[in-house]
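Working notes for the structure below.
The values are calculated or read from the model by the stated rules, or taken from the named source; none is laboratory data. Model, not experiment: these values are computed from the prediction. All Cβ positions, even for glycine, are placed from backbone atoms using ideal geometry, and neighbour counts span all protein chains on display.
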Amino acid sequence: MKVIGSLFVLFSLLLASCNTAPSLQKYFVENTENKNFVALDISPSILNVDATKLSVDQNKALQSFDKMNVLAFKINDNNKAQFEVELAKVNGILKEAKYQQLMKLSSGKEGASLYYIDSDSPINELVLYANKKDSGFVLVRILGKDMNPTNCMTMISVLKSSNINLEQLKPLQELFKK
């Protein structure tokens, strides 16, 4: 009986020590099925890039990109209060020390920020957060391997030469139409 009691106490301590702090990953999972949100997973194939026409650096940057998770909230007459709640949750998560802001643009009612997850290893996640008080907000998790600032800048040149498949973005286009 003592063994079972000891195992129960040990198991309880393990459960209690699990990290229950909010994170963007948890936020995405919790809201994927929420009717106020649109959730998309976007693969690198959206870029429609001919890899044979890219430079070595461009190919390396493209290889560092795995996928994007997009979560967008659109305001309507019925969910304005919920928008404020969700906006506060997202802002709270992004104020955590592990999210380091790289860039911020703001003009009162709208703004955008770019974050990375602070770690000792190369960047594996970038977060783009944009909001507009009268439309809603969008969170984009850009996931990859060994992303670095140079690769991110090189990806801009890849984007310029891409033929983006807009079909994958249809749900977002519909979301923000007025």
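So in the range 144-178, with the set limited to residues that are surrounded by 18 or more Cβ atoms within 10 Å (Cβ to Cβ) and part of a strand (DSSP E or B), which one is modelled with the highest pLDDT?
Step by step, filter the range 144-178, then rank; the result is Gly144.
For the range 118-140: of the residues being of a type outside the set (Gly, Ala, Ser) and more than 15 Å from Asn91 (Cα to Cα), which is surrounded by the fewest Cβ atoms within 10 Å (Cβ to Cβ)?
Out of the qualifying residues, it is Asp120.
Do we have Phe137 as assigned to a helix (DSSP H, G or I), among the aromatic types (Phe, Trp, Tyr) and closer than 27 Å to Lys35 by Cβ here?
The answer is no for Phe137.
If Lys89 meets every condition in (1) surrounded by 18 or more Cβ atoms within 10 Å (Cβ to Cβ); (2) within 25 Å of Lys35 (Cβ to Cβ) apart from one, which number is that one?
Tallying (1) surrounded by 18 or more Cβ atoms within 10 Å (Cβ to Cβ); (2) within 25 Å of Lys35 (Cβ to Cβ), Lys89 fails exactly one: (1).
Restricting the first residue to the range 57-68 and requiring it to be of a type outside the set (A, V, I, L, M, F, W, C), which pairs with a second residue that is buried (at least 19 other Cβ atoms within 10 Å of the Cβ) and at pLDDT 85 or above meet a Cβ separation below 8 Å and a spacing of at least six or different chains?
Cβ pairs passing all conditions: Ser64/Gly144; Asp66/Gly144.
With respect to Leu71, is the statement that it is part of a strand (DSSP E or B), surrounded by 14 or more Cβ atoms within 10 Å (Cβ to Cβ), at pLDDT 90 or above and on the phi < 0 side of the Ramachandran plot true?
Criteria met by Leu71.
Please state which of the following conditions Gln101 fails to meet, knowing it meets all the rest: (1) polar (S, T, N, Q); (2) at pLDDT 75 or above; (3) exposed (fewer than 15 other Cβ atoms within 10 Å of the Cβ); (4) part of a helix (DSSP H, G or I).
That leaves (4) as the condition not met.
For the range 19-55, name all the residues that are farther than 20 Å from Met153 by Cα, part of a loop (DSSP other than H, G, I, E, B) and among the polar types (S, T, N, Q).
Asn19, Thr20, Ser23, Thr32, Asn34, Asn36
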